[in-house]
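Quick notes on the structure that follows.
The values are calculated or read from the model by the stated rules, or taken from the named source; none is laboratory data. Because the structure is predicted, anything quoted here is derived from the model rather than measured. Cβ: placed from backbone, ideal geometry, glycine included. Neighbour counts: every protein chain shown.
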Amino acid sequence: MLLTTCSTGMFSCIFVTGEKKESGDIASTDTLHAYAPETDTVVVTDTVKHDTVIAKELIPSKQIDTKNIHPLAVIEFAKTLIGTPYKYGSTDPKAGFDCSGFFTYVFTHFNIVVPRSSIDFTAVGKEIPVESSKPGDLILFTGTDSTERFVGHMGMIVSNENGNVIFIHSTSGKQYGVTITPLSDYYRSRYMKTIRIFPENG
């Protein structure tokens, strides 16, 4: 496998030469890890502008300033976006959202700065057992290829009643858009971690 990097000044990318993707569709995860069809190149794009001020705001840190916003307020706003279609790389509700684009939009509504990519939430917040999760906690998954053990998708816990966890997210799967989903065996196979960012959750 060969890694090549490039930069355009605004964006950076990494080209990974490897096996050819059989499907004619571009398969992608929220981390912008995309297999170009009919080629043997994987493109991983960093969408954070290399502007000094913006970069400082978006660099993942252990603590996100939630500005004393209650997590239930965030959930209620997120629910108003149910049915918004999935659109890769988008934070625009008129066009659709990818999974972290959805949360970028939701948190920006409350003036809360969060990482743009789901993988950048890996080192954010306090890790907790999913069984102890509360509404507003974030749940992280692999991308659609669960053999690639890095974060590529995310959701927010809506409820956890007697271990029956449900979460809201923007999915590229069958429901294709913002929806509420139970933590099924399928999602458990992709589960990476649950993180707490709201102090109100304890």
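What the table below lists for this structure:
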quantity	calculated
Residue tally, condition in a strand (DSSP E or B) and either without any contact (Cβ under 8 Å) to a residue 24 or more places away in the chain or buried (at least 21 other Cβ atoms within 10 Å of the Cβ) (or both), over the range 174-191	2
Complete set of residues in the range 123-147 that are at pLDDT 95 or above and among the polar types (S, T, N, Q)	Ser132, Ser133, Thr142
Cross-chain or 6+ apart pairs with Cβ under 7 Å, the range 159-173 first and under 13 Å from Pro135 (Cα atoms), then modelled with pLDDT of 95 or more and of a type in the set (Asp, Glu)	Gly163/Glu131
Filter result for Phe97 (of a type in the set (Phe, Trp, Tyr), buried (at least 21 other Cβ atoms within 10 Å of the Cβ) and either within 20 Å of Ile195 (Cα to Cα) or touching a residue at least 24 places away in the same chain (Cβ under 8 Å) (or both))	yes
Scan of the range 122-163 for residues that are hydrophobic (A, V, I, L, M, F, W, C), over 12 Å from the mean Cα position of the chain (by Cα) and part of a strand (DSSP E or B), ordered by number	Ile128, Ile157, Val158
In the range 90-104, the residues that are closer than 14 Å to Met154 by Cα and not charged (D, E, K, R)	Phe97, Cys99, Ser100, Gly101, Phe102, Phe103, Thr104
Any hit, the range 61-72, residues being at pLDDT 95 or above, more than 16 Å from Thr194 (Cβ to Cβ) and assigned to a helix (DSSP H, G or I)	yes
Tyr88, sole failed condition from (1) assigned to a helix (DSSP H, G or I); (2) closer than 18 Å to Thr144 by Cβ; (3) not acidic (Asp, Glu)	(1)
Output for the range 127-141, where each listed residue is surrounded by fewer than 19 Cβ atoms within 10 Å (Cβ to Cβ) and either closer than 14 Å to Leu183 by Cα or touching a helix residue (DSSP H, G or I) at 6+ places or on another chain (Cβ under 9 Å) (or both)	Ile128, Pro129, Val130, Glu131, Ser132, Lys134
